[in-house]
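Q: Got a structure here, written out as structure tokens. Questions coming.
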Amino acid sequence: MKTGLFSRFIPRQLDENLNRSLDRQVKLAVTGLSRSGKTVFITSLVHQLLHASEANVSQLPFFRIAHNGRLRGVKAMQQPDLHIPAFRYDQAIAQLCSQTPAWPTPTSGISEIRLAIRYRSDNLFFKHVAPISTLYLDIVDYPGEWLLDLPLLSWSYEQWSQHTLEACQYEPRQSLSQEWQAFIRTLALDKAPTGDSIRQASALYTAFLHRCKSPEYGLNGLQPGRFTMPGDLEGAPLLEFCPLPPLSGRYTDNSVYGVMRKRYDSYKEHVVKKFYNEHFSSFDRQVVLIDILRALNIGNAAFEDTRSAINMILNSFHYGKSGLLSWLWGFKIDRLLFAATKADHATPEQLPNMEKFLQNMLAKSQQHATFEGVETQTMALASVKCTQAAEANYQGRKIPCIKGVPMSGQQAVALFPGEVPIEMPMAEDWSKDRFQFMEFKPPRLANVHGGLPHIRLDRALEFLLGDKF
Ligand SMILES: Nc1nc2c(ncn2[C@@H]2O[C@H](COP(=O)(O)OP(=O)(O)OP(=O)(O)O)[C@@H](O)[C@H]2O)c(=O)[nH]1
Ligand SMILES: [Mg+2]
């Protein structure tokens, strides 16, 4: 899964690797399930950096290099992989900062951005030899659905089928998968497929995944990722297969089971491995974005599903300390930030709860990373703050609330969206309407160059990049 030794010695690769070994380049993995806030996070991060050296240093008080005046300027550069589309920062920012602000369009393919960050070194040696240094920052954006494919790399077709069919023994998957399961029970798995049974089985399976993904159920652990977000593979036969129950007897490659299995292996080889090798095999830093409030809103099943999907994905990354020869042996992630996104959906005094909740939710993954020598942090943040803190009178008492324009409305409303628990709710603690975290429109900004309003994005930047300057 790592890049071959030979390819490391072609000049451009060597140059890139040397830059990384000398701490002049950082590859940041922005990881998160679909709709967790990756594109908005990248857009806001780029926007904050591009404007950081202007008059608005007060926007990023905890990003030290900006605050102490050592940041000379930041520029978007041509990205290293010319065959990959550029991240459309300009489009996303135009949508966010228009007269009627809108959220960026959901992502349907891969894109990449490289930033050159110029700064004044305060290193005792470099200060005299090369007072102005440049750090290159590479970020990739992609649809969250595709992340769920990474675990497939270590699963055989039989293992994946077993995993999926086991999950379908529980609600809501059990009811939602009825039609597909009934259809595959009619197939003679060890015989050659008749008519277009393979296509039909895969269409029913895909329809099942789409139902699981709908806002009503909000499930995330849906594989293969391209079935619900095909990108440029829309309609390709590579996407026509589905899991099947185990077959005890012998079967040929031309049987239903053999054909499905072969397509699964091709999908892994041509889609997942390519995606992993090109974009996910070599990161230095990682931020994992999690929309815990949405998961809490939908209910127990969605919450458990989100938790297991994230833990599953985190197993696909390399964690540990990268040494001086890391360009030879492969890069590893040495800083990992777990971030609860959209913190502006909760009242400000709930932020510590959000952070503790996230710590409890991902305790196992965090412990694993810490054991491997990775520095980890947990943070509640908002890439774009859409609400203001306010107070409301309720039965003669003042209670904290937030004020913002809901996605479905035109006027600002004030509301108390609910208390974020610290511990994981037990199955019996889930009651309908316990949480009412609402989605908001982006704010209308008077001055775009002042930087987008945010919550703790500067702390995130400091944790992810601060030690590189
Ligand atoms: N209030 C608030 N809402 C946010 C914030 N970030 C994201 N959102 C909301 O979450 C939605 C999804 O954000 P995206 O950044 O597009 O999510 P994504 O992870 O890129 O999603 P995919 O591209 O589908 O994988 C947005 O359309 C907003 O409604 C934030 O900082 N504050
Ligand atoms: Mg996106």
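Q: Which one of Glu171, Glu234, Glu216, Glu179 is open to solvent by 60 Å² or more (accessible area, probe 1.4 Å) and under 25 Å from Lys273 (Cα atoms)? Before you say what the answer is, go through the steps one by one.
A: Values: Glu171 fails: under 25 Å from Lys273 (Cα atoms); Glu216 fails: under 25 Å from Lys273 (Cα atoms); Glu179 fails: under 25 Å from Lys273 (Cα atoms).
Answer to the check: Glu234.
Q: Are any residues in region 376-414 open to solvent by 60 Å² or more (accessible area, probe 1.4 Å) and either aromatic (Phe, Trp, Tyr) or in contact (Cβ under 8 Å) with a residue 60 or more places away in the chain (or both), and if so, which ones?
A: Correct list: Gln377, Tyr394.
Q: Looking for something open to solvent by less than 30 Å² (accessible area, probe 1.4 Å) and in contact with a Phe, Trp or Tyr (Cβ under 7 Å, 6 or more places away or on another chain) - is there at least one such residue anywhere in region 118-125?
A: Kept after step one, since they are open to solvent by less than 30 Å² (accessible area, probe 1.4 Å), are these residues of region 118-125: 119, 121.
Retained after the next criterion (residues that are in contact with a Phe, Trp or Tyr (Cβ under 7 Å, 6 or more places away or on another chain)): 119.
Yes, some residue in region 118-125 is open to solvent by less than 30 Å² (accessible area, probe 1.4 Å) and in contact with a Phe, Trp or Tyr (Cβ under 7 Å, 6 or more places away or on another chain).
Q: Which condition number in (1) open to solvent by less than 20 Å² (accessible area, probe 1.4 Å); (2) within 13 Å of ligand 1 (Cβ to nearest atom) is the one that Ser34 fails?
A: If we test Ser34 against (1) open to solvent by less than 20 Å² (accessible area, probe 1.4 Å); (2) within 13 Å of ligand 1 (Cβ to nearest atom), just (1) comes out false.
Each row is one residue, and each column tells you yes or no for (1) among the acidic types (Asp, Glu); (2) in contact with a strand residue (DSSP E or B) (Cβ under 7 Å, 6 or more places away or on another chain); (3) within 16 Å of ligand 1 (Cβ to nearest atom); (4) not assigned by TED's automatic domain parsing to the domain that holds Val30.
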| residue | (1), (2), (3), (4) |
| --- | --- |
| Gly396 | no, no, no, yes |
| Lys403 | no, yes, yes, yes |
| Glu419 | yes, no, no, yes |
| Pro453 | no, no, yes, no |
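Q: While we're on this one: Would you check if there is a residue in region 396-418 being closer than 28 Å to Val287 by Cβ and within 16 Å of ligand 2 (Cβ to nearest atom)?
A: Within region 396-418, not a single residue is closer than 28 Å to Val287 by Cβ and within 16 Å of ligand 2 (Cβ to nearest atom).
Q: Using the structure shown, decide if Ala94 is away from ligand 1 (no atom under 14 Å from the Cβ) and either in a strand (DSSP E or B) or touching a His at 6+ places or on another chain (Cβ under 8 Å) (or both). Lay out the reasoning, then the answer.
A: Details: away from ligand 1 (no atom under 14 Å from the Cβ): yes; either in a strand (DSSP E or B) or touching a His at 6+ places or on another chain (Cβ under 8 Å) (or both): no.
No: the conditions fail for Ala94.
Q: Then there's this: Just checking, how many residues over region 253-282 are open to solvent by less than 10 Å² (accessible area, probe 1.4 Å) and not in a helix (DSSP H, G or I)?
A: Number of matching residues: 1.
Q: If you don't mind, there's one more thing I want to ask. Can you give me the number of residues within region 240-252 that are open to solvent by 20 Å² or more (accessible area, probe 1.4 Å) and aliphatic (A, V, I, L, M)?
A: Qualifying residue count, region 240-252: 1.
Q: Of the residues that make up region 107-114, is at least one away from ligand 2 (no atom under 16 Å from the Cβ) and either in contact (Cβ under 8 Å) with a residue 12 or more places away in the chain or within 18 Å of the chain's Cα centre (by Cα) (or both)?
A: So in region 107-114, the residues away from ligand 2 (no atom under 16 Å from the Cβ) come out as 114.
Remaining after also requiring either in contact (Cβ under 8 Å) with a residue 12 or more places away in the chain or within 18 Å of the chain's Cα centre (by Cα) (or both): 114.
Checked against the condition, which is being away from ligand 2 (no atom under 16 Å from the Cβ) and either in contact (Cβ under 8 Å) with a residue 12 or more places away in the chain or within 18 Å of the chain's Cα centre (by Cα) (or both), region 107-114 yields at least one hit.
Q: Shifting gears a bit: Pull up region 105-156, narrow it to residues that are in a loop (DSSP other than H, G, I, E, B) and of a type in the set (S, T, N, Q), then point me to the one that is modelled with the highest pLDDT. Even if it seems obvious, please write down each step before you answer.
A: Of the residues in region 105-156, the ones in a loop (DSSP other than H, G, I, E, B) are 105-110, 121-125, 130-131, 142-143, 155-156.
Applying the additional criterion that residues be of a type in the set (S, T, N, Q) yields 105, 107-108, 121, 123, 156.
On the way: Thr105: 94, Thr107: 94, Ser108: 92, Ser121: 83, Asn123: 73, Ser156: 97.
If we take residues in region 105-156 being in a loop (DSSP other than H, G, I, E, B) and of a type in the set (S, T, N, Q), then Ser156 is modelled with the highest pLDDT.
Q: What is the one condition in (1) surrounded by fewer than 16 Cβ atoms within 10 Å (Cβ to Cβ); (2) touching a helix residue (DSSP H, G or I) at 6+ places or on another chain (Cβ under 6 Å); (3) in a helix (DSSP H, G or I) that Ala66 does not satisfy?
A: Going through the list (1) surrounded by fewer than 16 Cβ atoms within 10 Å (Cβ to Cβ); (2) touching a helix residue (DSSP H, G or I) at 6+ places or on another chain (Cβ under 6 Å); (3) in a helix (DSSP H, G or I), Ala66 breaks only (1).
The values are calculated or read from the model by the stated rules, or taken from the named source; none is laboratory data. Computed from a predicted structure; not experimentally measured. When we count neighbours, we look across all protein chains shown, and the Cβ atoms used for this are built from the backbone with ideal geometry, even at glycine. Side chains are part of the model used for accessible areas, which takes the heavy atoms of the whole protein and leaves out ligands, DNA and RNA. Shrake-Rupley method; radii C 1.70, N 1.55, O 1.52, S 1.80 Å.
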